1. Look at C:Pro147 and say whether it is more than 10 Å from every other protein chain (Cβ to nearest Cβ), under 16 Å from the mean Cα position of the chain (by Cα) and farther than 19 Å from C:Leu308 by Cα.
2. Count, please, the residues in region B:181-195 that happen to be under 21 Å from C:Gly278 (Cβ atoms), touching a helix residue (DSSP H, G or I) at 6+ places or on another chain (Cβ under 7 Å) and at the interface with another protein chain (Cβ under 7 Å from one of its Cβ atoms).
3. Of all residues in region B:284-301, which are at pLDDT 95 or above and over 13 Å from C:Val205 (Cα atoms)?
4. Inspect region D:22-32 for any residue being under 21 Å from D:Ser99 (Cβ atoms) and assigned to a loop (DSSP other than H, G, I, E, B) and give the result as yes or no.
5. Of (1) under 28 Å from B:Ala336 (Cβ atoms); (2) open to solvent by less than 30 Å² (accessible area, probe 1.4 Å); (3) more than 14 Å from chain C (Cβ to nearest Cβ); (4) outside any helix (DSSP H, G or I), B:Thr238 satisfies all except one. Which?
6. Give me the residue from region A:22-55 that is polar (S, T, N, Q) and facing chain B (nearest Cβ under 8 Å) and, out of that set, surrounded by the fewest Cβ atoms within 10 Å (Cβ to Cβ).
7. Would you be able to tell me the number of residues in region C:196-217 that are of a type outside the set (S, T, N, Q), over 30 Å from D:Asn197 (Cα atoms) and within 14 Å of chain B (Cβ to nearest Cβ)?
8. Mind checking which residues of region A:160-176 are more than 24 Å from D:Thr244 (Cα to Cα) and either of a type in the set (Asp, Glu) or open to solvent by less than 40 Å² (accessible area, probe 1.4 Å) (or both)?
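The values are calculated or read from the model by the stated rules, or taken from the named source; none is laboratory data. Note that the structure is a prediction, hence the values are computed from the model and not measured. Please note: Cβ atoms are built from the backbone with ideal geometry, for glycine as well, and neighbour counts cover all protein chains shown. Surface areas here come from the heavy atoms of the whole protein model, side chains and all, with no ligands, DNA or RNA. Shrake-Rupley method; radii C 1.70, N 1.55, O 1.52, S 1.80 Å.
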Protein chains: 4
Amino acid sequence: MTSVGIIGATGYAGAELVRILTGHPHVNLTVLTSRQYAGTPFSEIYPCMLNVCTLTCEEFSMEETAAKADIFFMALPHQLPMHLAPGLLARGKKVIDLSADFRFSDPARYESCYQEHTAKELLQQSVYGLTEIYREEIRGADIVGNPGCYPTSILLPLIPLLNDGLIHRDTLIADAKSGVSGAGRTPALATHHCEVNESFKAYKVDGHRHNPEIDEVLTLQTGRDVHVVFVPHLVPMTRGMLSTIYAVPQKGISAEDVRQCLQQRYQDSPFVRILPNGRTPDTRHVNRTNFCDIGFHLDQKYNRLVLLSAIDNLVKGAAGQAVQNMNIMTGYAETAGLDAVPFPL
Amino acid sequence: MTSVGIIGATGYAGAELVRILTGHPHVNLTVLTSRQYAGTPFSEIYPCMLNVCTLTCEEFSMEETAAKADIFFMALPHQLPMHLAPGLLARGKKVIDLSADFRFSDPARYESCYQEHTAKELLQQSVYGLTEIYREEIRGADIVGNPGCYPTSILLPLIPLLNDGLIHRDTLIADAKSGVSGAGRTPALATHHCEVNESFKAYKVDGHRHNPEIDEVLTLQTGRDVHVVFVPHLVPMTRGMLSTIYAVPQKGISAEDVRQCLQQRYQDSPFVRILPNGRTPDTRHVNRTNFCDIGFHLDQKYNRLVLLSAIDNLVKGAAGQAVQNMNIMTGYAETAGLDAVPFPL
Amino acid sequence: MTSVGIIGATGYAGAELVRILTGHPHVNLTVLTSRQYAGTPFSEIYPCMLNVCTLTCEEFSMEETAAKADIFFMALPHQLPMHLAPGLLARGKKVIDLSADFRFSDPARYESCYQEHTAKELLQQSVYGLTEIYREEIRGADIVGNPGCYPTSILLPLIPLLNDGLIHRDTLIADAKSGVSGAGRTPALATHHCEVNESFKAYKVDGHRHNPEIDEVLTLQTGRDVHVVFVPHLVPMTRGMLSTIYAVPQKGISAEDVRQCLQQRYQDSPFVRILPNGRTPDTRHVNRTNFCDIGFHLDQKYNRLVLLSAIDNLVKGAAGQAVQNMNIMTGYAETAGLDAVPFPL
Amino acid sequence: MTSVGIIGATGYAGAELVRILTGHPHVNLTVLTSRQYAGTPFSEIYPCMLNVCTLTCEEFSMEETAAKADIFFMALPHQLPMHLAPGLLARGKKVIDLSADFRFSDPARYESCYQEHTAKELLQQSVYGLTEIYREEIRGADIVGNPGCYPTSILLPLIPLLNDGLIHRDTLIADAKSGVSGAGRTPALATHHCEVNESFKAYKVDGHRHNPEIDEVLTLQTGRDVHVVFVPHLVPMTRGMLSTIYAVPQKGISAEDVRQCLQQRYQDSPFVRILPNGRTPDTRHVNRTNFCDIGFHLDQKYNRLVLLSAIDNLVKGAAGQAVQNMNIMTGYAETAGLDAVPFPL
């Protein structure tokens, strides 16, 4: 058993961590922190947890909080984690951060779309937590920067095909669609039910912060500059993310080549499912699971490959992948706490 | 480990049984039957199950199917189960039927709202599977008639108060609201997304089949004729049921009396949660769980008690309660396979 | 043509007024006020209005604003209108207020659930704007207190039956359900899409401010104290309200009596539709219209009448009825600006 | 006044035609036909129409039906209209067909994705009803093939830019998203509320019938073969369509060039709105209107143009554009019957 704490437990990603870790067979969830709700039982904030989670939220305090667990998840707005991580690491704790603060290798890239980074020295130490791609590095990591939801859904289908040279790297387009929970729990007009309901739209068309994250990883993976044209959209639903990715295949590539590349790359990855021929991913089929479903269509006449991937933005796109990373870091089975049977509806 | 089969596995209640039983720690799910989908892998019908459930649907055959398991769940339209149950019982199998066929003690009441009953002799043997009320009888039962979703949500709050004489039995009103999954999986105009979306309405105002079921149980519980005025409504959501019940309290009853009655009755029932003062049930808080959340408001000035209960119609209202009953019948922990941590969203 | 202004134009009821009045054949919409958005074109706040409404929101100023129109709608939070109405009336303007400030005859009743009333002298002058019931009084009114949405949906079916003595007045229950737009446009956790979606719940079970409003009108109509047990619920949809009302009929009353009473009362009311036998109201069927659809079921065996009424909470429950009242006050056809053909979906 | 009939009035597009034409100031709607509902009052099929539309559906009969109106809309499944149009035209009627039967110039292209065409001779006579592009041809047409919803949303932004040579014609991608009403009213698992709710997915990734329609129009417009990579998706909402279109701009093109091209082309088209800088289309902003909102983002660094367009699939994507075409054909104002003020919600 590992004692685990969550710093910032009351946002949607934090609460999803509470859910998974409360049910995790090898975890003892010992501390939840929240500035806004310090002193409030977690089950008052999330009444579904009545009789299930009996923890009360606490104010974060480096000495006291750090003493209560061995591994910490941080589900805070970016810029806060970079101030807390050094202290936690100095006390011998392992850290999995769900913000953007430790996702980048290149501080300049981070600073171009967030703000100044005050713990740059940790960026080389930190491992990007896209589990299926960086599993070995994660195994020995003390600090993991858990990927964004959009990057997760876009990188998993793209990396194997780019690595194996099956597609061109300079014409990539990712048209991505997310449920509303990705916008977080803080009330805003943009997440008001009446504004979201019966609405579909693109947003941040002139630049979303997940774009440099995607670009950096693909650039590192290919050794050459890669830019993905990326347009995020908001879907009137709570959970789920679908990315439709357009790529130009290299000459002579067949659908079977694409399938083999993906299947081979993910044959030992229990959470990536390459769908059978004729099936396309649906966010409902991965709802509340840690799966990433991948499908594709190769149009040989017009030489275009359409890749489709579906995840639950709060699970594989956030809390689930974070726990998957913890499992790797601690040596537990990769699927521990994440293997609930999917819901038919 | 108990080997279990599901007869009629591809409707929504059947599929929810597949989900729960696939993840049940003491169950070996061995056979799924379906007329419509015989020969089709279950994961083709419910693609969420890819790599998770590897069973293929079979045509039901008494000899072959019965040989494959010790306990059978039937998730079929009413009228079919009454033809299958005798054969299964004769072969020493235990049966939990989710239709109305074995819910009634009085065949005339059944026949007044369904059709002729051809296995009347089993009605005395069959136990009504409202677990918290009939737990002891269920323990020794060979055949259980699993309650309807509306009756479950209405009977659980009412029975303790009627048993203890805290409310009048002749002025009961239940205004109940259900998500769309209660209408089943068969496509129909009434469940077409465009007809349901942005729609709220009552239906079957002149008589719903769950009304006699509710009335019979309350009549048996109180020893006197009871009729509940019952109006069901359809909510534009997939899962969830809320019942708002209006009762006239006996003179001098206090809110504390109501609370104590409910808490005492359900103190050893892990799936019934009597909410703290000031909280009211929300279907979202019991979503995908086997909980029944109960709240109430006593208006002493106007002498009116409002009871509120929330369940997930597919879990506590169908498949979850059925598995809860199986746990009782087999001597497993009542919560086995049903104790997943609730989702915050 | 009448020149009309809207004070508080950017909330949902205000914006719905903008919509209706922009399309009204006899209205010249001349001024929109908003504290929050003064100086902002209305079509920036509601982009649907691009090229359609060219007005820019202004700060309210008694002298300047009053000079711009002859009739003013106020769509402000309660407590503000009582400070503005006297000045507008003193300048010879007519006022239709959508808040609760001018709905009550009895200031004590108002103050019991809102706050001190500083314009009590206007309460006798003000007419309750339930058009079908107070049409004649509205005709000559200078100031109208437009009804709440819940009261509109509950009073229209009840008043004729109470007036004609067809039902008992002391056992009335109204179980009401509203779409989310009733909660207004200000962002809050309670209206966050992720909190509303797949959620159904009651709220303010211990007392909603529309209850005294309902009670006062029924008390005035019957000449005796009436209290309705009233429980509001939130439906995961944007628009619409359904009320299910339970009443005890007087002895010997038939369904035909109920139908005749309702039809006779509303035969000259174009916006009240008494549904044919066997039909029940659906919020979708009155969506975006000024209709109030009324249906009922009389259970003679158990002596219970179930009344059902559906409105669009923003139209008949707010802006539509306000314009209907303006039409009466100005002598235009009652349906002017409100007779768009309903949407099939 | 023009007398108008609708053949196939009870599907969603047909019912939307009933709505618009019932409210049209210059139209006398005289006949509705339906095979399934012959003899049934339209207001029983669509109860929103009670007291509003008093027509009863009839069986189609060439002699009798044709005699009742001068202009006919056909809202039937493809393959039926080609059998009816010749008879109607022979009787001097004008025809606006909402199916695919008269959209194509090239019968081979039609037959490649539908079935044999039995009225090929009409294809040259028929005009493609994309109003803003073919307004002059429509003016004199006897028969119009009303465009598909996807083609409408994709062609309107693309054609001006292709005509003016601002973008390359050989790298076009359209990622399109539609509400569920586009799938029609016939119940099916794919439109079951529980299957659609909380689901987002692509469909017909290997070829949708609107793709050849798009390609043919662009080929005719440019005089050279054009193929658009087109992937449709299903959004869990009733109405609305958003298309995100990716194009490679010609060298040196500025955002201002794009804006001027679009604005100039559509300056006399009241239903096309080129959004101001910084705004992106939202289906909610065109909901229930005949508008097509167009926005764009030009990324000069990476030389990519993203075009966004939003329509209501049942209005500008079907019935509204059909009426717009009728207005052109009859010489009425183009906006007649289509100029209702948009709903803020």
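1. Numbers: more than 10 Å from every other protein chain (Cβ to nearest Cβ): yes; under 16 Å from the mean Cα position of the chain (by Cα): yes; farther than 19 Å from C:Leu308 by Cα: no.
Here the answer is no, as C:Pro147 does not meet what is asked.
2. Taking region B:181-195 as the starting set, the residues that turn out to be under 21 Å from C:Gly278 (Cβ atoms) are B:183, B:188-192, B:195.
Applying the additional criterion that residues be touching a helix residue (DSSP H, G or I) at 6+ places or on another chain (Cβ under 7 Å) yields B:183, B:189-192, B:195.
Then drop every residue that is not at the interface with another protein chain (Cβ under 7 Å from one of its Cβ atoms), which leaves B:189, B:191-192.
Going through region B:181-195 one residue at a time, the tally reaches 3.
3. Initial filter on region B:284-301 (at pLDDT 95 or above): B:284-299.
If the condition is that a residue be at pLDDT 95 or above and over 13 Å from C:Val205 (Cα atoms), then B:Arg284, B:His285, B:Val286, B:Asn287, B:Arg288, B:Thr289, B:Asn290, B:Phe291, B:Cys292, B:Asp293, B:Ile294 are the ones that fit.
4. No, because not a single residue in region D:22-32 is under 21 Å from D:Ser99 (Cβ atoms) and assigned to a loop (DSSP other than H, G, I, E, B).
5. (3)
6. In the first step, residues of region A:22-55 are kept if they are polar (S, T, N, Q); the result is A:22, A:28, A:30, A:33-34, A:36, A:40, A:43, A:51, A:54.
When the remaining residues are screened for being facing chain B (nearest Cβ under 8 Å), the result is A:22, A:51.
Values: A:Thr22: 19, A:Asn51: 11.
Residue satisfying both the conditions and the ranking: A:Asn51.
7. Step one: list which residues in region C:196-217 are of a type outside the set (S, T, N, Q), which gives C:196, C:198, C:200-210, C:212-217.
Filter again for over 30 Å from D:Asn197 (Cα atoms), leaving C:206-210, C:212-217.
Those still in the list that are within 14 Å of chain B (Cβ to nearest Cβ) too: C:206-208, C:212, C:214-215.
Of the residues in that region, 6 qualify.
8. Of all residues in region A:160-176, those more than 24 Å from D:Thr244 (Cα to Cα) come to A:160-166.
Hits for region A:160-176 are A:Pro160, A:Leu161, A:Leu162, A:Asp164, A:Gly165, A:Leu166.
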